[in-house]
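The values are calculated or read from the model by the stated rules, or taken from the named source; none is laboratory data. Remember, it's a predicted structure, so these values are computed and weren't measured experimentally. Counting neighbours? That spans all protein chains shown, and the Cβs are built from the backbone with ideal geometry, glycine included.
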Amino acid sequence: MSSLNIVVIGGGAAGFFSAITAAETFPDATVTILEKNRTVLNKVRISGGGRCNVTHACFDNRQLVKHYPRGEKPLRPLLNLFDATATVQWFEKRGVPLKTEADGRMFPNTNTSDTIVDCLLTTARRLGITVRTSCGVSTLTRDGHDRWQLHLYTDEVLTADRVLVATGGYPKTDGYSWLPEPSESLVSPVPSLFTFNVPENPFLPLAGVSVPDAKVSIMGTKQEQRGPLLITHWGFSGPAILRLSAWAARDLAELEYQFTLRINWTPELNENQLRAALQDFRQQNGRKLVVSQNPFVLPSRLWQMMATEAGIAETQRWADLPAKQLNRLTEKLTNSQFNVAGKSTFKDEFVTCGGISFGSLNPQTLESKSQPGLFFAGEVLDIDGITGGFNFQSAWTTGYVAGLNIGKQMT
């Protein structure tokens, strides 16, 4: 009897991890990775500013799953098989210790993604996994003997007993058309993790200014997030904006990325508390200029812009500040509103909301219910996390689970 022939489509994080797990679990199998690009592990190389944010130091799985706008429920039991702790141990066992930064993100001690890439390539090579690049699959069909036919763009046809799809997400529905899965198994894709374009924005000259804590929300919805915010030369970015774009991905797609963004620059205080704080500050600092005396932990340039937007002159002293202008300043600080007109990809962190539905798969193995022998892992699934290493963790987890099961005898 010939050995089992396993083909993994996609040479990214999930593809390599599933192939490695399959080769380790089923040593008699032949495992091949097909990558359409000329190089593999491209997203691993560029992620985290070239350092590779491998995972997040969140070792309570009940808390970890809260960082996934889509996929929380099906991911929960899979993490029992391979979670962030397992990820750290897996890389350490192969000579790649990880370090934790103040915000919980975990990187290799070397501070370069090359270490992660080399680890995966070396492990795959040691296990005898064949890696073929410039090998895009145009169609995937089943022959009359329950084997898979992989038609490549080069007109070559490969045969496999089991196929694992780890191609990453596609931005449009037709990107999935080469798969034999029924259309009802697909959750239509929309972008996630993006920044907001605000072309008509008086704050654009402040590009590069950041605040450590702001509350951002989308007017007309219940979507809001809180965290660091960055003013850019096109609008707004930073963790708070990226998290908002992820959790509100479907709402924003329906709005065609035309909406009103509300920012509270002092989220610790409500409007009444803030007004009281400003009045107290006015009494204690009456002779000082409003534009140069900032009662809050806000960058001075931002404070000056707030004062200007509230109609406060550069020569205005706190003692002479009229109640009308104090109220306008309060409004600007707690309820700034901006007309967003589009989105921009955040560096290389772009991910897709949507993909292959977990409902169409065996939840324990990630094998298709309608297409036996066809498995899925990584971002091609309807799962996505916020920034911070969560998308790589779901790639390792789903890749491990699919690889662990792909060589088992089909029932």
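Yes or no: Gly128 in contact with a helix residue (DSSP H, G or I) (Cβ under 8 Å, 6 or more places away or on another chain), at positive phi and either without any contact (Cβ under 8 Å) to a residue 40 or more places away in the chain or among the small types (Gly, Ala, Ser) (or both)? Taking the combined requirement at face value, the residue satisfies it. Among the numbered conditions (1) of a type outside the set (Gly, Ala, Ser); (2) at pLDDT 95 or above; (3) in a strand (DSSP E or B); (4) crowded, with 20+ Cβ neighbours inside 10 Å, the only one that Glu379 does not meet is (3).
Reported count of residues in region 314-340, each being under 24 Å from Glu200 (Cβ atoms) and among the hydrophobic types (A, V, I, L, M, F, W, C), is 4.
Looking at region 31-78, which of its residues are part of a loop (DSSP other than H, G, I, E, B) and over 23 Å from Ala240 (Cα atoms)? If the condition is that a residue be part of a loop (DSSP other than H, G, I, E, B) and over 23 Å from Ala240 (Cα atoms), then Glu35, Lys36, Asn37, Arg38, Thr39, Val40, Leu41 are the ones that fit. Taking region 59-82 as the range and being among the charged types (D, E, K, R) and buried (at least 21 other Cβ atoms within 10 Å of the Cβ) as the test, only Arg70 passes.
If you check Ala166 against the conditions, is it within 26 Å of Pro372 (Cα to Cα), in contact (Cβ under 8 Å) with a residue 24 or more places away in the chain, surrounded by 14 or more Cβ atoms within 10 Å (Cβ to Cβ) and in the same structural domain as Gln364 (by TED's automatic domain parsing)? So Ala166 fits the description; yes. Here Gly342 clears all of (1) among the small types (Gly, Ala, Ser); (2) closer than 24 Å to Lys215 by Cα; (3) without any contact (Cβ under 8 Å) to a residue 12 or more places away in the chain except the condition numbered (3). Of the residues examined, Ser188 is one that is over 14 Å from Thr260 (Cα atoms) and touching a helix residue (DSSP H, G or I) at 6+ places or on another chain (Cβ under 7 Å). Among the residues of region 254-272, those identified as at pLDDT 95 or above and not acidic (Asp, Glu) are Leu255, Tyr257, Gln258, Phe259, Thr260, Leu261, Arg262, Ile263, Asn264, Trp265, Thr266, Pro267.
If the condition is being surrounded by fewer than 20 Cβ atoms within 10 Å (Cβ to Cβ), part of a strand (DSSP E or B) and among the β-branched types (Val, Ile, Thr), then region 143-163 contributes Val157, Thr159.
Do we have Ala319 as surrounded by 20 or more Cβ atoms within 10 Å (Cβ to Cβ) and in the same structural domain as Leu261 (by TED's automatic domain parsing) here? No: the conditions fail for Ala319.
The single condition among (1) under 30 Å from Arg301 (Cβ atoms); (2) of a type outside the set (Val, Ile, Thr); (3) modelled with pLDDT under 95; (4) surrounded by 13 or more Cβ atoms within 10 Å (Cβ to Cβ) that Pro202 does not satisfy is (4).
A quick yes/no check of all residues on (1) at negative phi; (2) surrounded by fewer than 23 Cβ atoms within 10 Å (Cβ to Cβ); (3) not in a helix (DSSP H, G or I):
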position	(1), (2), (3)
Asn339	yes, yes, yes
Thr365	yes, yes, yes
Ile386	yes, no, yes
Ala395	yes, no, no
Gly399	yes, no, no
Ala402	yes, no, no
Lys408	yes, yes, yes
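Can you find a residue in region 250-265 that is in contact with a Pro (Cβ under 7 Å, 6 or more places away or on another chain) and closer than 18 Å to Trp303 by Cα? No; the residues of region 250-265 include none that is in contact with a Pro (Cβ under 7 Å, 6 or more places away or on another chain) and closer than 18 Å to Trp303 by Cα.
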